[in-house]
Amino acid sequence: MPTSSERGSVTAMHRLKRVYRDNVVLIGDASGGVDAITGDGLCLSFHQAFALANALKTNDLHFYQKAHRRLSRVPTWLGFHLLSMDGRPWLCRRVLSTLSANPQLFGRLLSAHIGEASLSDCVRVGAVLGMRLLVSSA
């Protein structure tokens, strides 16, 4: 017998054109969100806070804007692609099957997820995953 009902909330990815104006600066979810499925919210906020501290030290909020874009690039890319499986159980099964058959590829995706890979690395891993998905469907 369940003790509680499942609860969830729709999350959305959004990107703002600017994350500062005059003396107001946004960090964390307020500065543009990545989907909660990536698990990047707090980590990303801490990295943004460090970037903001450096920008404030040099009195250059444009530095923060550039750092913010750089920091959110990979989580946004990963979130978009994870969300592409929503409502497509066949795609989810195929991706999970392909990743379980290719643990090294899965490890490379995890490296990207924790920030140890660049966006170009993510794109390369995504291309390899895409090719493996095509091959496994034939």
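The values are calculated or read from the model by the stated rules, or taken from the named source; none is laboratory data. Owing to the predicted nature of the structure, the values given are computational and were not obtained by experimental measurement. We place every Cβ from the backbone using ideal geometry, glycine too, and count neighbours over all the protein chains shown.
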Among the residues listed as A67, A55, the single one being farther than 28 Å from L129 by Cα, crowded, with 19+ Cβ neighbours inside 10 Å, outside the structural domain of D121 (by TED's automatic domain parsing) and at pLDDT 90 or above: A55
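Got a sec? Which of R70, R93 is of a type in the set (D, E, K, R) and within 30 Å of V24 (Cα to Cα)?
Details: R93 fails: within 30 Å of V24 (Cα to Cα).
The conditions single out R70.
For the structure I just gave you, tell me whether W77 is surrounded by fewer than 13 Cβ atoms within 10 Å (Cβ to Cβ), assigned to a helix (DSSP H, G or I) and not aliphatic (A, V, I, L, M).
On the way: surrounded by fewer than 13 Cβ atoms within 10 Å (Cβ to Cβ): no; assigned to a helix (DSSP H, G or I): yes; not aliphatic (A, V, I, L, M): yes.
For W77, the condition - surrounded by fewer than 13 Cβ atoms within 10 Å (Cβ to Cβ), assigned to a helix (DSSP H, G or I) and not aliphatic (A, V, I, L, M) - is not met.
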Some residue of the stretch 112-130 being under 17 Å from the mean Cα position of the chain (by Cα), among the hydroxyl-bearing types (S, T, Y), surrounded by 11 or more Cβ atoms within 10 Å (Cβ to Cβ) and not assigned by TED's automatic domain parsing to the domain that holds D40: yes
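For the condition crowded, with 16+ Cβ neighbours inside 10 Å, assigned by TED's automatic domain parsing to the domain that holds R132 and among the aliphatic types (A, V, I, L, M), what is the one hit in V25, V19, V95?
Details: V25 fails: assigned by TED's automatic domain parsing to the domain that holds R132; V19 fails: assigned by TED's automatic domain parsing to the domain that holds R132.
It is V95.
Test A117 against the stated conditions and say whether it is among the small types (G, A, S), in contact with a helix residue (DSSP H, G or I) (Cβ under 6 Å, 6 or more places away or on another chain) and without any contact (Cβ under 8 Å) to a residue 60 or more places away in the chain. Break it down stepwise before answering.
Values: among the small types (G, A, S): yes; in contact with a helix residue (DSSP H, G or I) (Cβ under 6 Å, 6 or more places away or on another chain): yes; without any contact (Cβ under 8 Å) to a residue 60 or more places away in the chain: yes.
Criteria met by A117.
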